[in-house]
Amino acid sequence: MTRIDFYALKEGSAGDRFLLTCRLVERIHLGEGLRIFVQVPDPAQAQHLDRLLWTFKEQSFLPHGLAGRADPGLTPILIGQDADPGEEGQVLINLCPGVPAFLERFQRLCEPVDLDPAARAAARERFRWYRAQGYELHHHQITI
């Protein structure tokens, strides 16, 4: 069964869920060597995350690209909006308001949550849904 981790920013954090996602991607890919598929709700957010992954830290390089444009064999970090993750199956990071339709294909699901009231409400709904389905949930409080 997919492991589900919620990463919630603490009150007073300076970042948002996109910066938190960059930190998660760095830790998971560089620290654990895993492949990552980041699901976003629209092309504008895909472009925003793509740019942010290039610039959020000068000292690190995270090989990433947009699903459908980047070669998955050469790109261990893919960003997709309403895209089929293809053969990906290690780590899914969800930035969409709903439950990913393909979550069962992944070993791990990360749910970054920032202080935006609408995003928090959507995360609470997903949390309840996952719990009702019998998933083991893990919650982490993060400060940026």
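Coordinate-derived values only; no laboratory data. Bear in mind that the values here come from a model prediction, so they are computed numbers and not experimental data. In this analysis, Cβ positions are derived from the backbone assuming ideal geometry, glycine residues included, and neighbour counts consider all displayed protein chains.
If you place +1 on the Cβ of every Lys and Arg, -1 on the Cβ of every Asp and Glu, and leave all else neutral, what size is the dipole of the chain about its Cα centre, to the nearest 20 Debye?
320 debye
What ranking do TYR135, TYR130 get, fewest neighbouring Cβ atoms within 10 angstrom at the top?
Fewest to most other Cβ atoms nearby, the residues stand as TYR135, TYR130.
Kindly put LEU103, LEU109 in sequence by how many other C-beta atoms sit within 10 Å of each C-beta, fewest to most.
Starting with the residue having the fewest Cβ neighbours, the order is LEU103, LEU109.
So, in Å, what gap is there between the alpha-carbon centers of the range 108-144 and the range 1-71?
Distance between centres, Cα-based: 16 Å.
Just the C-alpha atoms of the range 34-81: what Rg/Rh do they give, with Rh taken as the Kirkwood radius?
0.95
Compute the semi-axes of the equivalent ellipsoid of the chain, taking the square root of 5 times each eigenvalue of the Cα gyration tensor, and list them largest first in whole Å.
With the √(5λ) rule applied to the chain, the semi-axes are 21, 18, 14 Å.
Would you work out the charge dipole size for the range 12-97 about its Cα centre, treating the Cβ of every Lys and Arg as +1 and the Cβ of every Asp and Glu as -1, and quote it to the nearest 20 debye?
280 debye
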